[in-house]
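**Student:** Below you'll find the structure I mean.
The values are calculated or read from the model by the stated rules, or taken from the named source; none is laboratory data. As the structure is a prediction and not an experimental result, all values here were calculated from the model. Positions of Cβ are backbone-derived with ideal geometry, glycine not excepted, and every protein chain shown enters the neighbour counts.
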């Protein structure tokens with residue numbers, strides 16, 4: 001098995017290596033619709049969609065979003081937003097959220113790609129049956145990894161990442177890594193067949209996040225945020241594309257992760273099942 005992924009943007013299969021101590025903190029799949037779907041909102045109101053997913057998500061809670069209106073010379077005004085439903089797994093680690101304009105699945109307990117893809121497919125099948133969405137405007141899959149840098153060997157571990165991914169950290173001595181409390185790199189790549197990848201990674205200081213989906217830590221962390229997606233604001237994507245693109249987006253995300261974190265660096269996460 002190759003230790004180094006030379007080109008992170010080739011769309012071909014790369015064997016997934018199970019990690020007993022995975023750095024994955026959050027995984028998010030979301031499909032957005034070009035408008036509010038009346039049939040999906042009705043399915044939520046009558047709890048038909050909830051009933052279709054009750055085996056995976058036994059808990060259901062209706063919530064209402066909030067928004068703020070700002071006008072010159074006036075105090076901000078808080079207004080009620082649209083209603084949405086959160087369905088939760090028995091252990092509360094996986095949530096499926098639905099509104100008239102989107103459907104998403106979020107997990108903080110990621111087992112494997114196959115397990116997560118299977119769950120998303122069941123959610124999409126339920127949305128198809130209950131809401132019959134005619135089109136989608138965006139399909140996205142996001143992986144957020146975190147490594148706590150105060151843990152033993154974590155700062156030294158940074159030097160085992162691929163050199164292109166380390167950026168300025170590659171020229172800083174291991175003993176001086178703690179002198180860099182903040183370092184963020186960003187990349188956007190667009191494949192010729194449509195999908196895009198936005199990658200952000202680096203070092204964050206105590207208590208800092210760059211996105212509300214990230215967990216707040218009480219110490220410095222290294223993070224890797226990979227968002228792969230395909231979009232058409234006009235709604236030119238058929239709903240079937242959500243299922244068709246799922247595996248492809250996961251495959252492209254994993255290849256980028258393995259480019260960032262080669263086999264020597266994977267050792268920190270206790271890989272299993274590596275062929276000799």
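**Student:** Quick one: count up the residues across region 176-221 that are assigned to a strand (DSSP E or B) and either closer than 28 Å to residue 246 by Cα or free of Cβ contacts under 8 Å to residues at least 24 places away in the same chain (or both).
**Tutor:** Number of matching residues: 16.
**Student:** Condition (residue is out of contact with any strand residue (DSSP E or B) (no Cβ under 9 Å at 6 or more places or on another chain) and within 22 Å of residue 154 (Cα to Cα)) applied to region 229-247: is it met by at least one residue?
**Tutor:** no
**Student:** Let me ask you something else. Tally the residues that are surrounded by 14 or more Cβ atoms within 10 Å (Cβ to Cβ) and out of contact with any strand residue (DSSP E or B) (no Cβ under 7 Å at 6 or more places or on another chain), restricting the search to region 177-200.
**Tutor:** Matching residues across region 177-200 total 2.
**Student:** If I ask for residues that are out of contact with any helix residue (DSSP H, G or I) (no Cβ under 8 Å at 6 or more places or on another chain) and in a strand (DSSP E or B), which ones from region 20-58 would you list?
**Tutor:** Answer for region 20-58, where residues must be out of contact with any helix residue (DSSP H, G or I) (no Cβ under 8 Å at 6 or more places or on another chain) and in a strand (DSSP E or B): 24, 25, 26, 28, 30, 32.
**Student:** Of all residues being farther than 14 Å from residue 96 by Cα and at pLDDT 60 or above in region 48-73, which is farthest from the chain's Cα centre (by Cα)? Just the residue, please. Talk me through it step by step, then tell me what you get.
**Tutor:** Applying the first criterion (farther than 14 Å from residue 96 by Cα) to region 48-73 yields 48, 64-73.
After this cut, where a residue has to be at pLDDT 60 or above as well, the list is 48, 64, 72.
Details: 48: 27, 64: 23, 72: 36 Å.
Here the residue is 72.
Residue-wise test of (1) farther than 23 Å from residue 35 by Cβ; (2) over 18 Å from the mean Cα position of the chain (by Cα); (3) touching a residue at least 24 places away in the same chain (Cβ under 8 Å).
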{"site": "92", "(1), (2), (3)": "yes, no, yes"}
{"site": "111", "(1), (2), (3)": "yes, no, no"}
{"site": "150", "(1), (2), (3)": "yes, yes, yes"}
{"site": "153", "(1), (2), (3)": "yes, yes, yes"}
{"site": "172", "(1), (2), (3)": "yes, yes, no"}
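**Student:** Consider residue 21 carefully, then state whether it is loosely packed, with under 12 Cβ neighbours inside 10 Å and farther than 13 Å from residue 258 by Cβ.
**Tutor:** Numbers: loosely packed, with under 12 Cβ neighbours inside 10 Å: yes; farther than 13 Å from residue 258 by Cβ: yes.
So residue 21 passes the test.
**Student:** Could you please find all residues in region 113-148 being over 15 Å from the mean Cα position of the chain (by Cα), in a strand (DSSP E or B) and surrounded by fewer than 21 Cβ atoms within 10 Å (Cβ to Cβ)?
**Tutor:** 148
**Student:** Considering only residues of region 239-276 that are in contact with a helix residue (DSSP H, G or I) (Cβ under 9 Å, 6 or more places away or on another chain) and in a loop (DSSP other than H, G, I, E, B), which is surrounded by the fewest Cβ atoms within 10 Å (Cβ to Cβ)?
**Tutor:** 274
**Student:** Quick check, is residue 17 in contact with a strand residue (DSSP E or B) (Cβ under 6 Å, 6 or more places away or on another chain), at pLDDT 90 or above and not in a loop (DSSP other than H, G, I, E, B)?
**Tutor:** In short, no.
**Student:** Would you confirm, using the coordinates I've provided, whether residue 57 is within 24 Å of residue 139 (Cβ to Cβ), surrounded by 12 or more Cβ atoms within 10 Å (Cβ to Cβ), outside the structural domain of residue 252 (by TED's automatic domain parsing) and touching a strand residue (DSSP E or B) at 6+ places or on another chain (Cβ under 9 Å)? Quick ask: steps written out before the conclusion?
**Tutor:** Values: within 24 Å of residue 139 (Cβ to Cβ): yes; surrounded by 12 or more Cβ atoms within 10 Å (Cβ to Cβ): yes; outside the structural domain of residue 252 (by TED's automatic domain parsing): yes; touching a strand residue (DSSP E or B) at 6+ places or on another chain (Cβ under 9 Å): yes.
The answer is yes for residue 57.
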